[in-house]
Amino acid sequence: MHVSEKLTILADAAKYDASCASSGSRRKNTPGGLGNAATSGICHSWSADGRCISLLKLLLSNDCLYDCAYCLSRRSNTIPRATFTPEEVVDLTINFYLRNYIEGLFLSSAVYDHPDTTMADMIEVCRVLRKKHQFNGYIHLKIIPGASSELVTEAGLLADRLSVNIELPSSQSLKQLAPQKSRKGILQPMQQIGEYARGYDRERKKSRHVPGFCPAGQSTQMIVGASTEHDLQILTLTQSLYQTMHLRRVYYSAYIAVNDAPDLPARTSAPPLIREHRLYQADWLLRFYHFQASEILSVKDPFLDERLDPKAAWALKNFDVFPLDINRASYEELLRVPGLGVISAKRIVATRRVAAIREQDLKKIGLVMKRAKYFLTINGRKLVDSVPAYPALVSAMCKVETASTRRLIRESRQLRLF
Ligand code: SF4
């Protein structure tokens, strides 16, 4: 099969992986080298469903031995199959890079042989790019669950970012939908990557000759909507991945029904894009707003409200803590106000050191007034003439949220067409 045919099949098959975003690498080009992971703004472009488009995003193979129920490349599907040789991927990467089409490589693969053989071929691509072509561009490499720890170490010394897809939020769903994978086979390499990255970082502080290990950190992807777990389970797992495995990012991928299977949503069902969007917003609250999963959701109320931004939903459920005074609330309290982000909260705290904040300063600070106005006062004075009673307040906030969510879905559709 010609390389261009393989490219058509394997680039298309790679589109289901959401976890190739965000760089964070700062490596500059070296004399005689090729590429630069620092200045090219890798992952600043996004494809239809939130995937980064500035990387050459490929599978090494879609000829899988496994039979995960949710996956188009599963063994039991009759689809065109292809497998690149490592040399073909290297040539494509170099050619695309030199033509300025891409700034790096995202390489994943189906398990077409023993996990170690598949992983070794993927590593060979990175090794040739780095050692033979002195390629300094960004490389994101997927770890094949079940690959040996030696190969994971080798991968970490060559790639900028590694990711092991957790795929499903519980061992039970994994057993049901991806029986050849195990939670242990997924968590073990994640743990190893986290530990090694911290170990190499410590050593690099002592000597600059120590190589970097997975300098852009590790990420993972979770499929949302293929199995029955609720959002509380998903967010609790996410929180524990950030805390215990030191993941840089957890990506959520709204399940796209590509197969008929009794345990999966029907093929006609639409991907749960708003749910995915709300999970990203809640994830943001975990990472930057000091929220715990158990504050956002509860066992009694385990799904995110699709009508509302999770922070607005939290504020409405905890309306007794508001209004907060903009000149007196702590930084942590300000972070809980809908319409007030991390930058605005920092600006407020910095401005207050010099002088009290006045109403005319609010726009400059970057407050989204249509959200924040019900939750703040300035020196005891309300920002609205009257705060609506609770049900009306919920609808007022929903109206604001519905408009922004509609815009998001519209943009996502436009990108999909593009
Ligand atoms: S291992 Fe499972 S998810 Fe990965 S390519 Fe094979 S069938 Fe698909």
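Once both axes come from the Cα atoms, what is the angle between helix 231-244 and the longest principal axis of the chain, in degrees from 0 to 90, rounded to 10? Once rounded, the angle reads 70 degrees. Only beta bridges with both residues in the stretch 3-271 are counted; by DSSP, about 10 percent of them are antiparallel. Report note on the peptides 75-85, 308-318: ranked by the mean count of other C-beta atoms within 10 Å, highest first, their order is 308-318, 75-85. Each listed q (0.12, 0.13, 0.23, 0.28 Å⁻¹) maps to a log10 I(q)/I(0) for the stretch 294-360 from the Debye sum over equal C-alpha point scatterers, namely -0.37, -0.43, -1.00, -1.27. Ranked by the mean number of other Cβ atoms within 10 Å of their residues, highest first, the peptides 375-385, 187-197 come out as 187-197, 375-385.
Using a simple spin-label model with pseudo-atoms 7 Å out from Cα toward Cβ, D91 and L393 lie 6.6 nm apart. Compute the angle between helix 3-13 and the longest alpha-carbon principal axis of the chain, please, reported from 0 to 90 degrees and rounded to the nearest 10. So the inclination is approximately 30 degrees. Based on protein heavy atoms only, the stretch 310-407 ends up with 53 Å² per residue of surface accessible to a 1.4 Å probe.
Calculated mean residue ellipticity at 222 nm for the chain: -12500 deg cm²/dmol, from DSSP H runs with n ≥ 4 weighted as -39500 (n - 2.57), summed, divided by the residue count and rounded to 500. Our estimate of slack between S298 and K184, defined as 0.36 nm per intervening residue step minus the Cα-Cα distance, is 38.3 nm. Contact order for the chain, expressed relative to its length and based on alpha carbon pairs under 8 Å spaced 6+ residues apart, stands at 12 percent. Pairs of Cα atoms nearer than 8 Å and 6+ residues apart set the relative contact order; for the stretch 310-407 it is 30 percent.
Kirkwood Rh, the chain, all Cα pairs: how many Å?
Values: mean 1/r = 0.0430 Å⁻¹.
Taking the inverse mean of 1/r over all distinct Cα pairs, the chain comes out at 23.3 Å.
Against the chain, whose longest principal axis comes from its Cα atoms, helix 390-417 is set at around 30 degrees. Karplus-based coupling profile of the stretch 55-62, in residue order and whole Hz: 9, 6, 10, 9, 9, 5, 8, 10, with θ = phi - 60° in 6.51 cos²θ - 1.76 cosθ + 1.60 and x standing for Gly or Pro.
The values are calculated or read from the model by the stated rules, or taken from the named source; none is laboratory data. In this text, all values refer to a predicted model and were calculated from it rather than measured experimentally. Ideal geometry is used to build each Cβ from the backbone, glycine not excepted, and the neighbour counts take in all protein chains shown. In case anyone asks, the SASA skips ligands and DNA or RNA and just uses the protein heavy atoms, side chains included. Shrake-Rupley method; radii C 1.70, N 1.55, O 1.52, S 1.80 Å.
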